[in-house]
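In what follows, a single structure is set out as structure tokens and then discussed.
Values in this text are rule-based calculations from the coordinates and carry no lab data. Since the structure is predicted, the reported quantities are computational estimates derived from the model, not experimental observations. Positions of Cβ are generated from backbone atoms using ideal geometry, with glycine treated the same way; all protein chains shown enter the neighbour counts.
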Amino acid sequence: MGASKPGMFLVLGLVLVGVFGGRIGAQTIGDKIRNDPDLSQFLALLERSELANITLQYKQATIFAPINKAFQTHSTTEEDPNTLVLYHMTTIPKRTTQLGTSYSSLYSELDGNPPLWITHTTGNYHNDIFVNNARLLVSQSDIQTSQKNGNIQILHKIDEVLVPTRSSRSVQQRVYNPTAYDFLEYYESLIIHPHRLRYFRQKVQQNNKQDIFKTEGGHTFFIPVDEGFKDGRADLIDAKIIDGHVIPKKVLFTAPTKKDVPFQTLANGDNNVRVVISFTQETRNPNTIINYVKSHTLLSDGKHSQGVVLSEIVKANIPVKNGVVHLIQKPLMVVDNNVRQLLEVHTLDPRNDLYFNVVTSGTNRTVTVEGGGVNATVIQPDLAATNGIIHVIDRVLGVPYTTVYDKLQTDYSLNYTYQLGKQSGFNEQLSDTTKKFTYFVPRNRAWEEASVDHPSAIKKLFMPEYYYHATSILERHLVISDEPYTMERIKQLSSGREENNFGKRNDIHLPTVRGELHLFVEETNDHDDPSVNKSFIIHWKGERIPVFRPNVACTNGVIHVIDAPFLQDGDIRVSGASSLHFAPHLIMILVAKWLLL
């Protein structure tokens, strides 16, 4: 044995010389790697792998080489460099244009030939190719050389280290290329990780669902860890829920998979239960991204509740022979929390309603909710709970953060009033934070209904050449004072002004930009429960105008969204010559404005 060692090292030394610079003439792939400073860490592993160097000298090959930055986030300590390096190699030369289709695979050079899964993605500016969860640096790939015997070798750079799924050398019964079920069965020997999978494995066996984790091809498997089965959750797992943890015929790693795109699960074979799964993310800080998976039960059979269940991915992107496995924090489809357990609401405020709106742009739909003057976007809808549904939103309701101008500009339902004020410059004053505004804003539907009664007049009102007239109308709706007037405050001021001796109400007078706004507010309650929000009716010039959305708080005032503009039949009329005429009191306002010019 002692005499054989020098010879063995001599052979290995000759191999290394041949691969890493000993040849005269064209550079080899080994030379390309050695001369690239961004591949120095991969080179260090490659130089220690005898088997990899033999492949580079005698075989065709494709090498996926991680750049140095990829090793900064690589935490796995591999005892044998052959294991890690050979998983980055295949003996079939493949350029980027030859890497197959999404969810296809290449056999690696590692013992057992575990697959490398290929995914193609399309983007606005360029397309990407992924090997497992690693992205090819396309502009630095397709480096090709030929050996003397004509063998082709191709080098691609990738941004992440590829980690094979296999048991360590110290384990008695080694697993080299596990299926998803092998992974479930021999998990303890495959990966050093604080989580265990006993509960889910037991449920798979009890429900005779082993075959779906053994099925050949490429699939995506979600396996909940033991920590997610507390509080008797394991008793709720049945065959359909297990089916809901498998996406067939798609190998979905986290990086290349589009977020919030639903994929059908195996729980989709009848008219009783239909479940889709999608990926989503949360950015905790610029350097921390948390991946989640969510199941959405679209159809329910009475036993499995409709709605969304969100689960954190605690260990992602574990490649297996028949696809990829993601370990998740708790089972999908299992609705066993109530609203109070998921989200603590300390008080209920009967003074404020929530207003939902759906904005559609092409195929995209955005749901917004407003409360206390704050408009929030629903970023995660339909989280199911045993006693209700939760919608996750992107900001706190009830704490105003926009001016009256900003609110008017960004609220789609107020767009018509915003456009009417934009053409005359009327809106610019609404950004002034030194003033307090109370703005009675007709919503879009209010203008649409007004155009039914006054089609020609309302049409002309929105034309740029009639901006003076539009300004005069809007000035009637805007109150400027030392404090904003909530509907409760206006109602309070109205309470001492009931009908006079002649049966006529005594209106309150609110200061507008020009003159005063005379109105009376009536509070109604159509509900037996006094805690349910009440509604308000504005009485103006004999008109009863419902307040659709009261008390939209802004940083410099308040908006009351109303169901009709402050307009009367005599205010606007169209003559036979299609010219626009105004009532005498509006003409006086316009004359005064012209005299000031």
Proximal lysine pairs in region 246-324, meaning Cα under 17 Å and 8 or more positions apart or interchain, come to 9
Quick calc, Glu449 & Glu227: beta-carbon distance into FRET formula, R0 56 Å, rounding 0.05, result 0.50
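Cα gyration tensor of region 33-89, axes a ≥ b ≥ c as square roots of the eigenvalues: rounded (a/c below 1.5), prolate (a/b > b/c) or oblate?
Taking the square roots of the gyration eigenvalues as a ≥ b ≥ c, region 33-89 is oblate.
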Ordering 128-134, 482-488, 109-115 by per-residue average of other C-beta atoms within 10 angstrom, highest first, gives 128-134, 109-115, 482-488
Surrounding charge for Lys157, neighbours by C-beta under 9 angstrom, Lys/Arg +1, Asp/Glu -1, total -3
Lys and Arg at +1, Asp and Glu at -1: neighbours of Leu137 with Cβ under 13 Å from its Cβ sum to -3
The answer for Phe437, listing residues at least 5 apart or on another chain whose modeled amide H is closer than 5 Å to its amide H, is Gly557, Val558
Between Tyr186 and Thr377, the FRET efficiency computed from the C-beta separation at R0 = 35 Å comes out, to the nearest 0.05, as 0.20
Restricting to lysines and to Cα separations under 20 Å from Lys69, and discarding same-chain partners fewer than 8 apart, the set is Lys32, Lys157
Honestly region 142-202 on the Cα gyration tensor test (a ≥ b ≥ c root eigenvalues; a/c under 1.5 rounded, otherwise a/b vs b/c for prolate or oblate) is just prolate
Once amide hydrogens are built 1.01 Å from N within the peptide plane, the residues lying 5 or more places from Ile379 or on another chain with amide H under 5 Å from its amide H are Val392, Ile393, Asp394
So for R0 = 25 Å, FRET eff. of Tyr125-Val261 from the Cβ-Cβ r, to 0.05, ends up at 0.80
In terms of the alpha carbon gyration tensor, root eigenvalues a ≥ b ≥ c, rounded if a/c is under 1.5 and otherwise prolate when a/b exceeds b/c or oblate, region 175-264 is rounded
Per the rule of 0.36 nm per residue minus the C-alpha distance, extending Thr73 to Asn208 adds in nm 44.7 nm
